[in-house]
Amino acid sequence: MSPGREDGPEFDHPTEKCGVVGVSLAERDAAFPTYYALYALQHRGQESAGIVTHDGFQQHQHVEMGLVGDAFDESDIEELVGSAGIGHVRYPTAGSVDKSCAQPFSVSFKGGALGLSHNGNLVNADEIRDDLASSGHAFTSDGDTEVIAHDLARNLLDEDLVAAVETTMHRVHGSYSLTIMHDDTVLGVRDPLGNRPLVLGELDDGYVLASESAAIDTLGGELVRDVRPGELVVLHEDGEGYDSHQLVEAENTANCFFEYVYFARPDSVIDDELVYEVRRELGRQLWAENGVDTDVVMPVPDSGRAFASGYAEAGQNDGATVEFAEGLMKNRYVGRTFIMPTQEAREQAVRLKLNPIKSTVEGRTVTVIDDSIVRGTTSSQLVDLLYEAGAEEVHVRIGAPPISAPCYMGIDMATRDELIAADKTASEIADEIGADSLSYLSLDAVTTAIGRSQADLCAGCVTGEYPYDIPGEATDREIERPAEAPADD
Ligand code: SF4
């Protein structure tokens, strides 16, 4: 974070990095549906937005910094002709914060035109980049998406589309959900552990791939299913269907549990579970493990809302008198970042975003619920705010385990040094933020609420045990890393 600037309304939360879309239609241009789907995925990335289409003869591209609504005007979209398209919203993970890393990445080569949108983070991108550069590939960005695109382009010179994707999947290591366009064929690929989400949907006149099902709903389509880990889905150019190829099988998956907790929209469905319902169940589990019967329970808006309603419901079912109420109002018009010239102003930043409703808080004992604490800065300001509004006690409950380690899979979690839970217990953190008590949810309760075994989830940021082989981290799962030597050398 640069001096004098603060993150936006959801600051002190982990930041999702990207959303991807792929659309193949019978006759209509794909650009407008892709644009609307990107709007539905705006929460997954706000730095840049882009669409690449193909009209059967050539690619058309518009990629711009900024929010979806700012990056395109009507004429930009009308110029994106063709019934095949892919789109991307980005918050940078690997690579710089400038247009050279904005996506979709597109390239024309001897084997046709290629476009690629990536959500995730490769852990062996540098090795592959060095190898490709030494065999003559020129890179225009420092992002890992271009590495995948070059590797795939090279394979496409010798192999058909499915075999080329398979070769690339055996070479790249890390987290990726991709939408790819080779000429006018749109593909979706999910890494063998399925770390980041990707779903397939059906429209009246075609098919769509997207990071979340909410994007399919926005287009009036039907969710078909999640793309499986290690699967390639190829949409037919005529919009009439799709082919599935299971290219890599892995014993376990490593779905990011934070998608359920925070990243995904509550109205999205992941693996047949509505995210909103999972969050309510996390709230119920939170009551079961660490409920405290205060006068009122309130969410940190908007991230804590579903948790707080589940928590209050479970408490009331247990005979507690805790009342669910909105006690904090959010200023919806605070942008993603805003200028805070002095330290004092920065310390007051939360006031710009949240204002307590005095009548809910004054003279009452309060529980405030959120999904995570990253650095702890917002939490202490929030607790202060509630005391100033007249709260008698402030208890904090968090609907996930403490974040104590970084993420290498495409989420901005802050560094270990910055993470408040990296070296402090819950009661030490409660003291630091000035709360009467603080409790987190256990990982067991999270896996119960999600309905998955821990062996099939990534929880690296809370356990320090990663599903990929991370250089410098000692506690990776027993995962075989792909061969580093290129297959054709
Ligand atoms: S480390 Fe945490 S945020 Fe990153 S993929 Fe794993 S669960 Fe998700």
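Odds and ends about this structure:
- In this structure, SER268 does satisfy being touching a helix residue (DSSP H, G or I) at 6+ places or on another chain (Cβ under 8 Å), under 25 Å from LEU25 (Cα atoms) and not assigned by TED's automatic domain parsing to the domain that holds ASN121.
- The residue list VAL350, VAL396, VAL368 contains one member that is more than 16 Å from the ligand (Cβ to nearest atom) and outside any strand (DSSP E or B), which is VAL350.
- Close Cβ contacts (under 6 Å, 6 or more residues apart or on different chains) running from residues in segment 410-429 that are more than 25 Å from ASN195 (Cβ to Cβ) and of a type in the set (A, V, I, L, M) to residues that are within 13 Å of the ligand (Cβ to nearest atom) and part of a loop (DSSP other than H, G, I, E, B) are absent.
- Filtered residues of segment 250-262 (kept if crowded, with 23+ Cβ neighbours inside 10 Å and either among the acidic types (Asp, Glu) or away from the ligand (no atom under 16 Å from the Cβ) (or both)): GLU259
- Count of segment 227-237 residues which are surrounded by 19 or more Cβ atoms within 10 Å (Cβ to Cβ) and more than 16 Å from the ligand (Cβ to nearest atom): 7
- Segment 410-426, subset in contact with a strand residue (DSSP E or B) (Cβ under 7 Å, 6 or more places away or on another chain) and outside any loop (DSSP other than H, G, I, E, B), residue farthest from the ligand (Cβ to nearest atom): ALA426
- Selected residue (only one of LEU286, LEU282 is in the same structural domain as VAL350 (by TED's automatic domain parsing), at pLDDT 95 or above and within 16 Å of the ligand (Cβ to nearest atom)): LEU282
- Restricted to segment 295-316, and to residues there that are touching a helix residue (DSSP H, G or I) at 6+ places or on another chain (Cβ under 9 Å) and among the polar types (S, T, N, Q), the residue that is modelled with the highest pLDDT is SER309.
- Segment 432-464, subset among the aliphatic types (A, V, I, L, M) and away from the ligand (no atom under 12 Å from the Cβ), residue surrounded by the fewest Cβ atoms within 10 Å (Cβ to Cβ): ALA455
- LEU247 more than 16 Å from the ligand (Cβ to nearest atom), at pLDDT 95 or above and not assigned by TED's automatic domain parsing to the domain that holds LEU178: no
- Matching residues in segment 48-94 - criterion: being assigned to a loop (DSSP other than H, G, I, E, B) and either of a type in the set (Val, Ile, Thr) or over 24 Å from GLY143 (Cα atoms) (or both): ASP55, GLY56, PHE57, GLN58, ASP73, GLU79, LEU80, VAL81, GLY82, SER83, THR93
- Meets criteria (among the charged types (D, E, K, R), away from the ligand (no atom under 16 Å from the Cβ) and over 28 Å from ASN195 (Cα atoms)) for GLU240: yes
- Qualifying positions in segment 427-451 - assigned to a loop (DSSP other than H, G, I, E, B), on the phi < 0 side of the Ramachandran plot and touching a strand residue (DSSP E or B) at 6+ places or on another chain (Cβ under 7 Å): ALA435, ASP436, LEU441
The values are calculated or read from the model by the stated rules, or taken from the named source; none is laboratory data. From a predicted model like this one, the values you see are computed outputs, not experimental measurements. Note that we place each Cβ from the backbone using ideal geometry, even for glycine, and neighbour counts take in every protein chain shown.
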